1. Which of the residues spanning segment A:32-64 are at pLDDT 90 or above and outside any helix (DSSP H, G or I)?
2. Only one of B:V34, B:V94, B:V51 is open to solvent by less than 10 Å² (accessible area, probe 1.4 Å) and within 22 Å of B:A167 (Cα to Cα); which?
3. Tally up the residues in segment B:30-61 that are touching a residue at least 40 places away in the same chain (Cβ under 8 Å) and within 14 Å of chain A (Cβ to nearest Cβ), please.
4. The conditions are (1) open to solvent by less than 50 Å² (accessible area, probe 1.4 Å); (2) of a type in the set (G, A, S); (3) within 26 Å of A:A176 (Cα to Cα), and B:A129 fails exactly one of them. Which is it?
5. What do you reckon, is B:R77 in contact with a Lys or Arg (Cβ under 8 Å, 6 or more places away or on another chain) and buried (at least 17 other Cβ atoms within 10 Å of the Cβ)?
6. Can you confirm whether B:A212 is among the small types (G, A, S), surrounded by fewer than 19 Cβ atoms within 10 Å (Cβ to Cβ), modelled with pLDDT of 95 or more and touching a helix residue (DSSP H, G or I) at 6+ places or on another chain (Cβ under 9 Å)?
7. When you scan segment A:105-127, how many residues do you find that are closer than 25 Å to B:I201 by Cα and out of contact with any His (no Cβ under 7 Å at 6 or more places or on another chain)?
8. Taking A:R89, is it open to solvent by 40 Å² or more (accessible area, probe 1.4 Å) and within 14 Å of chain B (Cβ to nearest Cβ)?
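The values are calculated or read from the model by the stated rules, or taken from the named source; none is laboratory data. Bear in mind that the values here come from a model prediction, so they are computed numbers and not experimental data. In this analysis, Cβ positions are derived from the backbone assuming ideal geometry, glycine residues included, and neighbour counts consider all displayed protein chains. These area figures cover heavy atoms from the full protein model, side chains too; ligands, DNA and RNA do not enter into them. Shrake-Rupley method; radii C 1.70, N 1.55, O 1.52, S 1.80 Å.
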Protein chains: 2
Amino acid sequence: MAGSASASTRGGETREQILAAAERLFAERGVAAVSNRQVSEAAGQANNYAVGYHFGSKTELVLAVVRKHDQSVELRRAEAVAATRGSERVRDWVHCLVRPTIDYLAALEPPTWLARFLAQAMTEPSLRAPILAANDGSPTLREVRAALTRLLPMQPEEVRDERSAMARHLLVHMCAERERALHEGGETPRATWEATGTGLIDAITAVFLAPATPVPPRGRGPSDGSPRRRRAR
Amino acid sequence: MAGSASASTRGGETREQILAAAERLFAERGVAAVSNRQVSEAAGQANNYAVGYHFGSKTELVLAVVRKHDQSVELRRAEAVAATRGSERVRDWVHCLVRPTIDYLAALEPPTWLARFLAQAMTEPSLRAPILAANDGSPTLREVRAALTRLLPMQPEEVRDERSAMARHLLVHMCAERERALHEGGETPRATWEATGTGLIDAITAVFLAPATPVPPRGRGPSDGSPRRRRAR
């Protein structure tokens, strides 16, 4: 029994080593540019098929890295949402979108790779859908979205969808840019993660509250298409 | 002479074919994941060193793709800036940041690759600096930045830098996401490039105009760092 417990611990350690190597390599070079074999090697595995054995496909490996961090962010976000429930201020709900991620990044031992990893993973066509699906499954994110919809009742659905995407891009790419600058000794606009979070909350709140210019319907005015949501063409 | 003119025309055509293949492959797979050899093959070049012969390094190839489009965008932006000079409205100057790129994308024969190419190139650490340097060299972008600085005199430099970065991320990544959805038949929040541009102008104007929450100085309050611009650490 002791032998099997220790084997299972070793398996857990190998998994952790592979997750850490994958996060770093994908963050530095992009997901498509790194093979499972390179991840296995960087994780110190003599067996080049260690990734396949422990995770199956590369997509599964990427999602396992996402999940590893998501649990901690989700816990922080649950606390923020609990403290915000009942608030009618858009800014309070945007706080719930931004602070849990920022505080988690600030609490990790530097150098962190998570923000660059997420930016790379979201730029990879085959990974966007599963990562966004994982987001859709988050009960706290669903509560934030419902609150924003309730607080902005006049906003057309297409504008709300667009602004949710904008909030996501700002959070992911501003954090990735800051993380890279921290790692490479470059300049960052803000001195701290804390101040970076404040800047993001200011900006994303303004995006959600911005008046939406009506777009003229197709054939009337300068627009070149229908104002209704539709399949892209 | 006729022979040498025709050889130079052929050289020009080869260059164009390589640029088009590079833009598409980098857009689809990321810059790091594609070799010069793969670009040469996709461009129909029997000689695997065609990229090296015509462009030198991969960085030079990426910058050549950027320059190929930049000239047209720069012309459109020069017109927009000329029509905006004298305006005291932040929104008019944000229009000059957004519309030239959007109108250029809308005018290209679909499927376009440019927006995804730029999103990939900006995520590649070794390419960000040269691409941003090319931006810094644009006289029209410099005029827009100067106008925004003049119209927002109370804004701390760190906040202005941060918001310029946010405007860039929103433009690049919202266009890349839309371009990908158009290509793959996915859903887009907006029906047209025209409406996408309007949404971006609404949002980026709000970001520049948003009140900036003061960040408390280091050691006083919840901030964990100095409020002054500094080298990242």
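1. Let us first name the residues in segment A:32-64 that are at pLDDT 90 or above, namely A:34-45, A:50-64.
Of everything in segment A:32-64, those that are at pLDDT 90 or above and outside any helix (DSSP H, G or I) turn out to be A:V34, A:S35, A:A43, A:G44, A:Q45, A:G56, A:S57.
2. Values: B:V34 fails: within 22 Å of B:A167 (Cα to Cα); B:V51 fails: within 22 Å of B:A167 (Cα to Cα).
When all the criteria are applied, what remains is B:V94.
3. Residues in segment B:30-61 being touching a residue at least 40 places away in the same chain (Cβ under 8 Å) and within 14 Å of chain A (Cβ to nearest Cβ): 3 in total.
4. It fails just one condition, (1).
5. Numbers: in contact with a Lys or Arg (Cβ under 8 Å, 6 or more places away or on another chain): no; buried (at least 17 other Cβ atoms within 10 Å of the Cβ): yes.
No.
6. Values: among the small types (G, A, S): yes; surrounded by fewer than 19 Cβ atoms within 10 Å (Cβ to Cβ): yes; modelled with pLDDT of 95 or more: yes; touching a helix residue (DSSP H, G or I) at 6+ places or on another chain (Cβ under 9 Å): yes.
Criteria met by B:A212.
7. Pass one, segment A:105-127, residues closer than 25 Å to B:I201 by Cα: A:119, A:122-123.
Next cut, out of contact with any His (no Cβ under 7 Å at 6 or more places or on another chain) only: A:122-123.
The number of residues fulfilling the criteria is 2.
8. On the way: open to solvent by 40 Å² or more (accessible area, probe 1.4 Å): yes; within 14 Å of chain B (Cβ to nearest Cβ): yes.
Answer is yes for this residue.
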